[in-house]
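Notes for the one structure printed next.
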Amino acid sequence: MRPNAIVLGAGPAGLAFAHRYGSGAIVLEKSLEVGGLSRSIAIEDGVFDVGGHAFHTPHERVRELVHTLMDGAWHEQARDARVWVSGQLIAYPFQQHFEMLDDQAIVDDCRGHRVDPDSVARSAHFEEWILRRFGNGVAHHFMLPYNRKLWADDLSEMSCEWVGERVASDRPPAPLAATGVPARQPLHSDSSVGYPADGGFGSIFVALAARCERIELGEQVVSIDPSSHRLQTASGRSWSWETIVSTMPLPRLLGCIAGCPGRLIEHASMLRAVSLKILLILARLRDRNVPQRIYIADPAIPPHKVAFNHTSSATLSARENHAITCEVSYSPRKPARPDDEILARTIDWLVANRFIESADRVVTARVVDVPYGYPVPTRDVATIVSEITHHLETMGIHSIGRFGSWSYANSDACMLQGLELADRLLAGSGP
Ligand SMILES: Cc1cc2nc3c(=O)[nH]c(=O)nc-3n(C[C@H](O)[C@H](O)[C@H](O)COP(=O)(O)OP(=O)(O)OC[C@H]3O[C@@H](n4cnc5c(N)ncnc54)[C@H](O)[C@@H]3O)c2cc1C
């Protein structure tokens, strides 16, 4: 008989694992809903995601699963993203469209950079990569301030292995020939993105959860004993396990494991995350015809990204009030400003840029705190994660997902991790 597997977390990675593993998988989820960071939040007639979410994947297997789950209730459209610079909205990404700016001085600064591919490839860190890849003008007018705002960290401490999949540039990313795994492509203005035709992004994971055998909500795992193979949840229940599949943030997982070596706990504490204040603003728009996403580098405007979530599908767009989701990063190096202040300044920006007539048009606004938003790709992440996950696997604990593998992975890549781990365990070829 297959070993019982306790899955920690009902986000995309945990649900995909449980669905593929089938009987014998029990998902324990600390919150009262499924979806994790990919859940949706309904407030009055607004549907918000935890930051702007859209579906886009190079993984055929994941695409097929999502399309099966949605059973035709799916909305595919071209992405419409813009960049806000000096009071003007231009097409995304900045580095390809700065010529659209009225401010000729910025355009002149950004022109004429000659890329030396060898020097770009030798960049020691992300900040250097930006300067070499795009030149001083693009770097100083957008790429550096934008990335400092998003990552709330020192860009010279970040690696550049991930940029080929994430940062739009005019050269294709290097193929991952060695693994044969298709590489994610950065999104461009003509990329096609998908979204459930009804409800929010989280509908995908509500449908996936319905195909999992057993999910226990409101069960937060607080301690794991590898010697007795039992774990405890905050409700006081105790569960026995043969295999654990965790999608919890790695440092928190280690903190739950009885007798975890101090060296691993210390190394895990070096992993850095960007935290987020997600502003959920439900408002009557002046004009429904708005871009899906706006990226803002100006440090005086709180969010780095504003997502008009109701542009995601026709059913959402038809609603009277529209959900505007804004992401504001914070970290120990860039502490958060008070919620009231960031909300007020963001609403002022929405009014000043004529998305809403006046602050009176805001029906409701609130802030959701997300302690783990983006895993920061510092240069030591791969070494730390591989040391910890190898140790955990010797105990029958597998750590996957965005913060379980500390990788800048979207929901599709997290689902793939869950599916592939289940394949591996089902085939009896565990590590
Ligand atoms: C701002 C933002 C924008 C994004 N945009 C996109 C996008 O456009 N497209 C896209 O595909 N992806 C996007 N993503 C990424 C996507 O949201 C995540 O990659 C995905 O949800 C991660 O899945 P996961 O299962 O690894 O973890 P999570 O979604 O974080 O799920 C982990 C689950 O574990 C639970 N948990 C934690 N601790 C415990 C415990 N002790 N006991 C029990 N349960 C526990 C949590 O409550 C949570 O439900 C975005 C993410 C962010 C933050």
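The values are calculated or read from the model by the stated rules, or taken from the named source; none is laboratory data. Predicted model only: the values in this text are computed from it and were never measured. Every residue, glycine as well, gets a Cβ built from its backbone with ideal geometry; the counts of neighbours run over all protein chains shown. In case anyone asks, the SASA skips ligands and DNA or RNA and just uses the protein heavy atoms, side chains included. Shrake-Rupley method; radii C 1.70, N 1.55, O 1.52, S 1.80 Å.
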For this session: If a/c stays under 1.5 just call it rounded; otherwise compare a/b with b/c (prolate if a/b is bigger, oblate if not). Do that for the range 29-86, with a ≥ b ≥ c from the square roots of the Cα gyration tensor eigenvalues.
Result: oblate
Exercise. Relative contact order for the range 285-431 using alpha-carbon pairs under 8 Å, separation at least 6, rounded to a whole percent?
Worked result: 16
Problem set entry | the chain: C-alpha pair distances exceeding 39 Å, % | 20
For this session: Considering Cα pairs under 8 angstrom that are at least six residues apart, work out the relative contact order of the chain and quote it in whole percent.
Result: 26
Problem set entry | Total lysine pairs under 19 Å (Cα atoms) in the chain, excluding pairs fewer than 8 apart on one chain | 6
Problem set entry | In degrees, nearest ten, helix 411-426 long axis to first principal axis of the chain (Cα) | 20
Problem set entry | Per residue value of the accessible surface for the chain (all protein chains in place, 1.4 Å probe), Å² | 42
For this session: Calculate what fraction, in whole %, of the accessible area of the chain sits on carbon and sulfur atoms when a 1.4 Å probe is rolled over the protein chains.
Result: 50
Seminar exercise, completed: Bridge orientation stat for the chain from DSSP, antiparallel percent rounded to 5, came to 70
Exercise. So what is the 222 nm mean residue ellipticity for the chain from helices alone, if each DSSP H run of at least 4 adds -39500 (n - 2.57) and you divide by all residues, rounding to the nearest 500 deg cm²/dmol?
Worked result: -8500 deg cm²/dmol
For this session: Let me see the pair-distance distribution of the range 276-431: every alpha carbon pair, 10 Å bin width, integer percents in order.
Result: 9, 30, 25, 19, 13, 4, 0
Seminar exercise, completed: Computed over the chain: longest principal axis from alpha-carbon atoms vs helix 126-138 long axis, angle to nearest 10 degrees, is 20
Exercise. By the scheme Lys and Arg +1, Asp and Glu -1, what is the net charge of all other residues having a beta-carbon under 11 Å from that of A209?
Worked result: 0
Exercise. Roughly how many Å is it from the Cα centre of the range 321-341 to that of the range 119-164, as a whole number?
Worked result: 23
Exercise. Percent of alpha carbon pairs in the range 277-357 separated by more than 19 Å?
Worked result: 34
Problem set entry | the range 1-123 - Rg and Dmax from Cα coordinates, angstrom | 22.1, 70
